[in-house]
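The values are calculated or read from the model by the stated rules, or taken from the named source; none is laboratory data. Bear in mind that the values here come from a model prediction, so they are computed numbers and not experimental data. Cβ placement follows ideal geometry from the backbone for every residue including glycine, while neighbour counts extend to all protein chains displayed. Protein only, heavy atoms only, side chains kept; ligands, DNA and RNA dropped before computing areas. Shrake-Rupley method; radii C 1.70, N 1.55, O 1.52, S 1.80 Å.
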Amino acid sequence: METLEGLRRRRVIKKFRPEPGTVENAMDLARRDVAVAGTMLGGNSDWAYSIAYNAMLQAGRALMFSKGYRPSGANQHIAVVRFVGLFLDPEVVIAFDRMRRKRHITVYDMAGIVSEQEAEHAVARAEGFLDLIEGHLASG
């Protein structure tokens with residue numbers, strides 16, 4: 001099981017003193033991205049999926065920032081997934097990580113692999129993820 005100290009020790013994350021507004025800016029990006037992902041539905045499923053994932057990534061970064069951490073090293077997306085895993089249910093984190101891997105394929109390797117239904121589910125999942133993160137941010 002991951003721990004905060006373990007992530008720090010392995011240099012997956014590092015301490016960070018965010019400037020005022022950093023958390024809010026990351027959440028603004030997340031909200032923007034989930035809205036844009038929704039507008040892509042019915043047009044380009046790969047991009048709708050990728051943008052929905054990016055909304056989740058930005059929300060995860062907001063959570064990290066709120067706790068005084070940021071990703072470190074080359075695998076920053078994985079760092080965010082692992083950090084979020086310290087605070088959210090495993091099923092949510094597993095879905096987030098699956099989206100990370102599939103998004104990588106759609107961006108770098110192969111077009112047309114996301115169905116319209118899968119993109120719709122990704123956007124809905126991203127909306128729920130943002131709600132979860134906002135709940136954590138509100139509770140401190």
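What to note about this one:
- Each residue in the range 2-16 was checked for being outside any helix (DSSP H, G or I) and either in contact (Cβ under 8 Å) with a residue 60 or more places away in the chain or at positive phi (or both), and 5 of them qualify.
- Restricted to the range 58-76, and to residues there that are surrounded by fewer than 23 Cβ atoms within 10 Å (Cβ to Cβ) and of a type in the set (D, E, K, R), the residue that is nearest to the chain's Cα centre (by Cα) is Arg70.
- Restricted to the range 77-104, and to residues there that are touching a helix residue (DSSP H, G or I) at 6+ places or on another chain (Cβ under 8 Å) and not in a helix (DSSP H, G or I), the residue that is least open to solvent (accessible area, probe 1.4 Å) is Leu88.
- Just one of (1) over 16 Å from Leu130 (Cβ atoms); (2) in a helix (DSSP H, G or I); (3) small (Gly, Ala, Ser) fails for Gly43. It is (2).
- Single condition Val23 does not satisfy, out of (1) open to solvent by 60 Å² or more (accessible area, probe 1.4 Å); (2) in contact with a helix residue (DSSP H, G or I) (Cβ under 7 Å, 6 or more places away or on another chain): (1)
- Arg31 being more than 23 Å from Ala119 (Cβ to Cβ) and open to solvent by 20 Å² or more (accessible area, probe 1.4 Å): no
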